[in-house]
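The values are calculated or read from the model by the stated rules, or taken from the named source; none is laboratory data. Just so it is clear, the model here is predicted, and its values are computed rather than measured. Positions of Cβ are backbone-derived with ideal geometry, glycine not excepted, and every protein chain shown enters the neighbour counts. In case anyone asks, the SASA skips ligands and DNA or RNA and just uses the protein heavy atoms, side chains included. Shrake-Rupley method; radii C 1.70, N 1.55, O 1.52, S 1.80 Å.
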Protein chains: 2
Amino acid sequence: MTDVADTVKASKAPAIARAAAVLRLLGKRGAPMGVQAIARELGLVPSTCLYVLRALTAENLVAFDPDTKRYALDAGVLTLARAWLRKDRFSDLAQPALDRLARDFGTTTLGVQVFDLDHIIVTAMSQSGHNFQLSTQVGSRFPALVSATGRCIAAFGGHTPEELKPRFDALRWDDPPGWDDWLAQVAQARESGVAVDDGHYLAGVTVIAAPVWKGGRPSHALVAIGIGAALRSELPRLKQALKGAAHTLSDQMDA
Amino acid sequence: MTDVADTVKASKAPAIARAAAVLRLLGKRGAPMGVQAIARELGLVPSTCLYVLRALTAENLVAFDPDTKRYALDAGVLTLARAWLRKDRFSDLAQPALDRLARDFGTTTLGVQVFDLDHIIVTAMSQSGHNFQLSTQVGSRFPALVSATGRCIAAFGGHTPEELKPRFDALRWDDPPGWDDWLAQVAQARESGVAVDDGHYLAGVTVIAAPVWKGGRPSHALVAIGIGAALRSELPRLKQALKGAAHTLSDQMDA
DNA sequence: GAATGTTATTCTGTATATTGAATGACAGAC
DNA sequence: GTCTGTCATTCAATATACAGAATAACATTC
């Protein structure tokens with residue numbers, strides 16, 4: 001977690017990198033933290049850390065408890081998130097398709113945004129009301145190469161195997177596929193336009209992902225998640241439907 | 001909007017104040033903006049603004065479109081918001097009560113957090129499924145003194161009339177109450193423990209608010225919103241229920 | 001096609017944000 | 001009560017982030 005130092009050095013506005021790191025740390029911990037604890041964790045100088053926290057407090061992004069002298073995330077972050085959700089075209093465009101897919105196939109469906117090889121973020125979701133649903137939350141972050149989405153990104157992202165290998169090795173699966181097997185699955189995803197993870201990421205759970213293109217790059221993806229056994233017979237139809245939805249969405253995104 | 005300059009000067013980490021201002025501006029606009037437009041709006045030097053934007057881009061808080069050279073909010077803000085929602089005790093504790101009230105009385109109910117005399121933020125919400133619902137969004141910001149919540153804060157916040165008057169004058173209502181009338185309503189809220197806004201803030205809409213106490217201060221409030229005419233007969237019961245829910249919540253918050 | 005208004009971006013000296021040590025405040029141990 | 005560890009906070013020196021001018025890139029207008 002000391003790559004914070006790198007990001008700070010590289011920037012012409014290091015205070016911002018520090019601030020973001022602090023916010024993320026506070027978010028990750030959940031519990032309120034003291035100045036020193038934060039500074040230690042992020043490799044910051046305590047005094048600098050204090051000034052960062054004070055600035056963030058002034059912006060209502062972190063809350064300060066004068067009694068315990070502890071800092072925690074505050075509700076200002078919500079305001080920003082709401083503003084973003086309001087203007088993000090992908091969420092709006094994807095939601096109807098996600099709802100339809102979730103209803104028709106009884107799966108949980110997600111819309112995700114791809115940032116880079118290290119993370120993707122869930123930005124839209126729909127759950128089928130009936131039967132047990134597999135739950136995630138909007139805003140969740142995942143490593144980009146994991147599960148079906150990972151195969152999508154590997155297939156269409158235009159990255160070299162040298163870039164992919166170390167990150168692939170760092171992933172955590174219930175049932176990790178071998179590198180060569182995985183490459184074969186990636187190749188298959190590239191051909192068919194849809195990627196499938198059959199119980200590797202989560203045992204017994206099948207994940208299907210189709211890329212959404214924007215400006216010639218796979219910037220987002222549609223994902224369907226269901227119990228493997230229950231999905232088996234429907235799988236071809238679901239793959240087709242997901243691919244179709246992703247395709248029309250790609251057209252809309254570039255318009 | 002040039003109070004940004006003040007906030008910047010006052011801080012020992014001015015870049016953070018600038019960054020927050022940029023994020024808020026981008027959120028407010030919704031549409032992507034160019035470096036210069038942002039700088040002009042906030043009274044920043046273009047070059048500085050550029051560095052701020054680059055730093056924020058590196059943190060995935062703003063997105064940069066290389067073709068149009070425009071900047072917009074990015075999904076990183078969502079991750080922070082989710083982390084905050086996860087650990088905010090008030091939202092968790094309030095949600096069941098809000099759901100129950102919304103169901104029993106057919107109203108929209110909100111949980112809000114009070115920051116200061118200038119803003120409160122909606123952090124939890126429940127809508128009654130049946131009939132037309134009055135809609136707000138989680139993360140919305142309002143001036144603190146408006147509507148029923150405003151009377152709560154005025155009644156219990158321990159502010160002097162001198163502090164209140166100028167802010168009261170700046171409020172926007174559908175049917176603005178006079179200062180003396182308003183003070184009388186505030187006094188009544190103080191006595192009864194519940195504040196009511198009967199069509200002043202929004203014509204035809206009744207808003208009821210009860211304070212939630214934490215550490216001896218009204219830090220949050222529960223709010224119910226309904227069509228005035230439809231609510232009339234239920235009003236006493238609703239006031240009682242809201243007051244009760246706020247009371248038990250206050251106990252839980254301090255625990 | 002030259003001119004003029006934009007824009008984003010690079011460059012450099014200086015005001016200042018950051019640092020690391022020093023101070024003060026507090027709690028628990030003995 | 002004194003000591004010892006940890007905490008937040010202040011302070012003065014300096015490395016550096018920032019303001020402002022200069023440049024480059026790009027439309028739009030004449």
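Ordered by packing density, taken as the mean number of other Cβ atoms within 10 Å over each peptide's residues, highest first, how do A:51-62, B:231-242, A:92-103, B:160-171 rank?
Numbers: A:51-62: 22.8, B:231-242: 16.2, A:92-103: 18.8, B:160-171: 13.1.
Highest to lowest by the protection proxy: A:51-62, A:92-103, B:231-242, B:160-171.
May I ask for the Kirkwood hydrodynamic radius of region A:172-255, worked out over all distinct Cα pairs and given in angstroms to one decimal? Each step should come with its number before you reach the end.
Values: mean 1/r = 0.0741 Å⁻¹.
Value: 13.5 Å, from the Cα pair sum.
For the pair B and A, how large is the buried accessible area, both sides, in square angstrom to the nearest 100, if the probe is 1.4 Å?
4000
Report, to the nearest whole %, how much of the accessible area of region B:88-254 belongs to carbon and sulfur atoms, 1.4 Å probe, protein only.
Details: 3980 of 7610 Å².
In region B:88-254, the share of accessible area belonging to carbon and sulfur is 52 percent.
Order of B:149-156, A:202-209 by packing, highest average Cβ count within 10 Å first?
On the way: B:149-156: 26.8, A:202-209: 20.5.
Ranking, from highest mean packing down: B:149-156, A:202-209.
Can you give me the accessible area per residue for region A:88-254, using a 1.4 Å probe, in Å²? Working shown, then result.
Details: 7610 Å² over 167 residues.
It amounts to 46 Å² per residue over region A:88-254.
Give the calculated FRET efficiency between residue B:163 and residue A:163 to the nearest 0.05, with a Förster radius of 56 Å applied to their Cβ-Cβ distance. Don't jump to the answer; show the numbers that get you there.
Working: r = 58 Å, r/R0 = 1.04.
Efficiency, from the Cβ-Cβ distance: 0.45.
Would you mind checking A:214/B:28; A:28/A:69; A:69/B:28; A:12/B:69 for any pair whose Cα atoms are more than 26 angstrom apart?
Working: A:214/B:28 24 Å; A:28/A:69 19 Å; A:69/B:28 32 Å; A:12/B:69 19 Å.
Going by Cα-Cα distance, A:69/B:28 fall outside the 26 Å limit.
Could you work out the Rg to Rh ratio of region A:3-79, with Rh taken as the Kirkwood radius (inverse of the mean 1/r over all Cα pairs)?
On the way: Rg = 11.6 Å, Rh = 12.3 Å.
On the Cα set of region A:3-79, Rg over Rh gives 0.94.
For region B:68-132, taking Cα atoms only, what is the radius of gyration to one decimal and the Dmax to the nearest whole Å?
15.7, 51
How large is the Kirkwood hydrodynamic radius of chain A, in angstrom, based on all distinct alpha carbon pairs? Intermediate results must be reported in sequence, preceding the final value.
Values: mean 1/r = 0.0501 Å⁻¹.
One over the average 1/r among Cα pairs gives 20.0 Å for chain A.
So what J values fall out for region B:31-45 if you push phi through Karplus, 6.51 cos²θ - 1.76 cosθ + 1.60 with θ = phi - 60°, rounded to Hz, Gly and Pro as x?
6, x, 10, x, 3, 5, 4, 5, 4, 4, 4, 9, x, 9, 6
Using 0.36 nm per residue of separation minus the Cα-Cα distance, give me the extension gain between residue A:203 and residue A:89 in nm, one decimal.
So the extension gain works out to 37.7 nm.
Note down the magnitude of the dipole of chain B about its Cα centre, charges +1 on Lys and Arg C-beta and -1 on Asp and Glu C-beta and zero elsewhere, to the nearest 20 debye. If you can, show how the numbers build up before the last one.
Details: 28 positive and 26 negative charges, 139 e Å.
With Lys and Arg at +1 and Asp and Glu at -1, about 660 debye.
Please report the Cα spread of the protein assembly as shown along all three principal axes, rounded to whole Å, starting with the longest.
76, 51, 44
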